[in-house]
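Working notes, structure below.
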Amino acid sequence: MSGRSCCMPSAADAPPSAAAPSVPAAEPPARTGWIHLPGGSFRMGTDTGEGHAEDGEGPSREVSIGPFSIAATTVTNAEFRDFVRATHYVTDAERAGQSHVFYLQVDPAVRQAVRQVPRGLPWWLPIEFACWQRPEGRASSIAERLDHPVVHVSWHDAQAYCDWAGCRLPTEAEWEYAARGGLDGARFPWGDTTDFEARCNVWRGSFPTEPAPGWCPGPVAVTALPPNGYGLCHATGNVWQWCADWFSPSYHRDTPAHDPRQQRVTGRRSQRGGSFLCHASYCNRYRVAGRHGNTPASTSGNCGFRVAAR
């Protein structure tokens, strides 16, 4: 497959937003919905060649990880709101004054006013004031979407949330172990079937101009579809999920077989799971072996995160 990507535009990286709160931070609420996993050995990656060669999805190999816990869902708007209220944190998108929104999520009048789009990604529009609490820009709100995944969060923002909440981002190996749900060698968190409408929020219709009738491009509630065998909801699809690792196409050759983690600085952080914009005709990174990377300051309307602990 070619290197075409619908994933998300990249932002020039900058120092992270001030994670230290400007006022005394309230204690974070106890998170519910933890899934405790024993760890162990599993086959990570793939040798099928159906992904993007430059992503480095293989060679597949046996790796082992220690026990850990991972959240059943990605972090919601309500949970991120609690963090911001407690700390007065300002996200990278808010500091930049804009973030990228998929064009069909934008009001046509606003769409027509955009004069510059990312090179090679004309469906992404830089929208003024788009951020976690205004996902489509000035006139939008999360008031009716508190159970949806938070989006427009950079890796820096996700890390700041973890610092406050007493958790961390999962490593790529932990993420893939959990996303596989105990199924060895399967393509998706539920197996190999392609009944996506019942399993996974990915693009329906002809990408990027013709969504299927009745389907609107965008994230859905974090528990909208059934969980995998380990209890993870939306392990793939819906929104991209930041991981702790630096991203490298040579990940499977560079990292150890026990508790692998890419710590060599590469300028991009790893992302897993794909999003509602993935489609087999263009970007099929919604497979459990699929992987991608972006600069830590990058934000868009299809990127969130899931947390872990050990």
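Assorted remarks:
- At most 12 other Cβ within 10 Å, DSSP loop - trypsin sites (Lys or Arg not before Pro), the range 27-133: ARG115, ARG119
- In loop segments of the range 111-153 as defined by DSSP, the GluC sites (Glu not before Pro) with at most 14 further C-beta atoms inside 10 Å of their C-beta are GLU144.
- Excluding ligands, DNA and RNA, the accessible surface per residue across the chain is 41 Å² with a 1.4 Å probe.
- In the assembled protein chains, LEU183 presents an accessible area of approximately 70 Å² (probe radius 1.4 Å).
- C-alpha center-to-center spacing [the range 189-231, the range 233-310] in angstrom: 18 Å
- Note on the range 60-192: along the principal axes its Cα atoms extend 51, 37, 26 Å, ordered by decreasing extent.
- As a ratio to 2.2 N^0.38 Å, the alpha-carbon radius of gyration for the range 239-279 is 1.28.
- Taken over the alpha carbons of the chain as equal point scatterers, the Debye sum produces base-10 log I(q)/I(0) values at 0.08, 0.11, 0.15, 0.16 Å⁻¹ of -0.31, -0.61, -1.21, -1.40.
- Chain lengthening between ARG138 and GLN263 when straightened (0.36 nm per residue, less Cα-Cα): 41.2 nm
- Low-density loop cleavage sites - chymotrypsin sites (Phe, Trp or Tyr not before Pro) in the range 129-219, where at most 15 other Cβ are within 10 Å (DSSP): TRP215
- On the chain, 53 percent of the accessible area sits on carbon and sulfur atoms, based on a 1.4 Å probe.
- SER99 long-range amide H proximity, modeled H, under 5 Å: ILE127, PHE129, ALA130
The values are calculated or read from the model by the stated rules, or taken from the named source; none is laboratory data. Keep in mind that what you see is a predicted model, and the values were worked out from it rather than measured. For neighbour counting, all protein chains shown are included, and Cβ atoms are generated from backbone atoms with ideal geometry for every residue, glycine included. These area figures cover heavy atoms from the full protein model, side chains too; ligands, DNA and RNA do not enter into them. Shrake-Rupley method; radii C 1.70, N 1.55, O 1.52, S 1.80 Å.
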